[in-house]
Amino acid sequence: MTKSVLAFILAFPAVAHGAPVVDSLRTTGVGSSDQWTASAGNKYETVDENSPNGDTDYILTASDAQTQDFTVSDIVKCATIDSAWIKVNWTWTRGAGPAQDLDTYYDIGSGFTLFGTETTKSGTYVTDSVKLTSPTISQMNALQVRTISTGASGAEEWRVTWWGLHVYGDDGEGGAVVGTRRTKMMRGVR
């Protein structure tokens, strides 16, 4: 009688990915519409902090149908993009006038898309956000953000205090390896 050992190797290919990175983008300038007022300094610098700084600086309007656009810095760290979050932090001081809305938009090269509408918020800081799944680097490099007031009547005041823009992806360096290998032994007797 002859003994034999048969070995079967089930291999799952290893897939190389770059190291995960986050690009935190900042507003870098005023876009095509420029109708809000800065509390101090340049408008884009009042909303470009690493994290919200409350009411330290902001853009504001107390008028109806005022639009403010901002351009955004380019991607620096990500070679590929998994997702992106666009966030806006704002507060509204309501006087005796009627309700008003604050609409927030983004544009990645194909026109502005509404992602947040808020009405009758007062005295609190609120963050609206939108997640973009797998945008391209060229789309994110074309990114602009927009805020529009509607229904304001002088007794109210919108204050936008921060635009947070975070892109998640990898650095393209192939540093991490994802995958497994398993071996299954089968024994037989002849």
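Bear in mind these aren't lab numbers, they're just calculated from the coordinates by the rules spelled out. Treat the numbers as computed from the prediction; the structure is a model and nothing was measured. FYI the Cβ positions are ideal-geometry reconstructions off the backbone, even for glycines, and counts take in every protein chain you see.
For Phe112, Phe70, what ranking results if the residue with the fewest other Cβ atoms within 10 Å of its Cβ goes first?
In order of increasing Cβ crowding within 10 Å: Phe112, Phe70.
How much net charge surrounds Gly164 when only the other residues with a Cβ under 11 Å from the Cβ of Gly164 are counted, with Lys and Arg +1 and Asp and Glu -1?
-1
Students often get this wrong: which residues of region 25-54 have the backbone nitrogen under 15 Å from the point 7 angstrom along Cα-to-C-beta of Thr71?
From region 25-54, the list is 26-34, 43-45.
Enumerate the aspartates and glutamates that Lys131 could reach by cross-link, defined here as Cα to Cα under 15 Å, with residues fewer than 8 away along the same chain left out.
Asp23, Asp82, Asp107
Please give the length that would be gained between Leu114 and Gln35 if that part of the chain were fully extended, namely 0.36 nm times their separation in residues minus their C-alpha to C-alpha distance (nm, one decimal).
Gain on stretching Leu114 to Gln35: 26.6 nm.
Would you mind ranking Val47, Val130 so that the residue whose beta carbon has the fewest other beta carbons within 10 Å leads the list?
Placing the least packed residue first, the sequence is Val130, Val47.
When you count, for each residue, the other Cβ atoms within 10 Å and take the mean per peptide, how do 62-69, 136-143 rank with the highest first?
62-69, 136-143
So how far apart, in nm, are the two label points at Thr136 and Ala79 if each is 7 Å from Cα heading toward Cβ?
1.9 nm
Which of Tyr125, Tyr44 comes first, and how do the rest follow, when ranked by fewest Cβ neighbours within 10 Å?
Going from least to most buried by this count: Tyr125, Tyr44.
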